[in-house]
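The values are calculated or read from the model by the stated rules, or taken from the named source; none is laboratory data. Please read these numbers as outputs of a predicted model, since none were measured by experiment. When we count neighbours, we look across all protein chains shown, and the Cβ atoms used for this are built from the backbone with ideal geometry, even at glycine. Quick note on the areas: whole protein, heavy atoms, side chains included, nothing else; ligands and nucleic acids left out. Shrake-Rupley method; radii C 1.70, N 1.55, O 1.52, S 1.80 Å.
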Amino acid sequence: IILFLLTNLAVMAVLLISTKLLGIDAYLGSNYNGLLLFALLLGMGGSFISLLLSKTLAIRSMRVRLLTPEDLSDPETYWLAQTIATISQNAGIKVPDIGIYEGAPNAFATGYDKDNALVAVSTGLLHIMDKEELEGVLAHEIGHIANGDMVTLSLLQGVINALIIFLARVIGSVIDKAVFKNRDGYGIAYYLFVFVAEMVLGIVASMIVMWFSRYREYRADEASASLVGTDKMVKALKRLQSLKENPPLPKEMAAFGISGNFSSLFSSHPPLEQRIENLLGRKKSLYER
């Protein structure tokens with residue numbers, strides 16, 4: 001988080017210097033520094049709040065039922081809890097809260113901290129996967145937690161939000177003053193072009209965030225392979241691949257599930273076949289060493 005904050009300040013410093021050198025700040029008036037602060041606080045604030053509330057919102061939105069000591073009397077539930085505990089200890093993190101929710105085959109992890117996280121598994125996944133496949137999925141989700149993916153993805157979104165807010169208002173102000181010659185406050189052109197710029201920049205930003213999300217999936221797959229073995233993770237992915245229908249999680253949880261959408265540049269997950277190839281290639285490389 002400290003590294004992220006320093007990076008964000010560095011980005012803002014570069015923007016500040018660049019706009020001054022290019023003379024763009026002349027079109028922004030006296031509120032230029034205030035705009036930088038506004039963009040930073042608004043962009044980062046929303047991202048941090050979402051991160052802090054992610055676990056609570058996930059439980060409510062997905063209607064997750066957290067396991068209690070009474071649930072451990074059931075052999076299958078006991079196995080689930082023990083497996084997550086063992087993998088978590090091997091990954092060097094505190095055992096996360098464990099939940100089950102009704103839904104299509106999927107699972108997700110969330111939480112603002114490695115030692116205050118949640119792993120939730122759908123009833124659909126528990127029904128269609130054997131224990132080896134489930135181990136692969138559970139290790140994948142714990143890999144997300146151990147890698148700090150929830151935090152890094154939220155922080156990246158915060159940086160991008162701040163950039164969108166800042167750049168959209170710079171574009172709107174420059175067009176309003178340089179093209180439409182409005183020198184008295186902000187005209188209609190300012191608000192129109194801020195809206196358009198935010199839409200366009202938001203699309204580009206989504207591509208960047210989803211690229212990072214796909215990168216995280218490869219890392220979580222590799223973490224699973226290290227924790228429980230490549231074969232179990234590959235087996236789990238092939239099971240998901242065999243399903244005719246695999247509805248994605250809601251938007252809020254999609255980036256943290258074992259499976260997601262595959263719409264090219266806006267996909268939160270790489271295609272399953274590419275993930276399988278990556279794991280098999282990694283296994284071959286380790287074997288050759």
Accessible area (Å², 1.4 Å probe, nearest 10) - residue 232: 50
Carbon + sulfur, % of accessible area of the stretch 168-224 - ligands and nucleic acids excluded, 1.4 Å: 72
Pairwise FRET efficiency - residue 112 versus residue 195, Cβ, R0 = 22 Å, nearest 0.05: 0.10
Computed FRET value (nearest 0.05) for residue 180 with residue 38, which takes r as the C-beta separation and R₀ as 25 Å: 0.65
Separation of the residue 94 and residue 13 label points, Cα + 7 Å toward Cβ, nm: 3.4
Cα centroid of the stretch 203-232 to Cα centroid of the stretch 138-198, whole Å: 25
Portion, in percent, of the accessible area of the stretch 71-128 that falls on carbon or sulfur, probe 1.4 Å: 47
Global size of the stretch 145-206 as Cα Rg and Dmax, reported in angstrom: 15.5, 54
Greater than 24 Å apart at Cα, pairs in 114/283; 55/283; 232/284; 94/131; 114/238: 114/283; 55/283; 114/238
Globularity ratio of the stretch 101-222, using Cα Rg and 2.2 N^0.38 Å: 1.56
Of the GluC sites (Glu not before Pro) in the stretch 94-182, those whose Cβ has at most 14 other Cβ within 10 Å and which sit in DSSP loop: 102
Unit Cα scatterers, Debye sum, the stretch 34-104: log10 I(q)/I(0) for q = 0.23, 0.24 Å⁻¹: -1.06, -1.09
Intensity falloff of the stretch 162-236 expressed as log10 I(q)/I(0), Debye formula with alpha-carbon point scatterers, at q = 0.12, 0.13, 0.17 Å⁻¹: -0.52, -0.55, -0.69
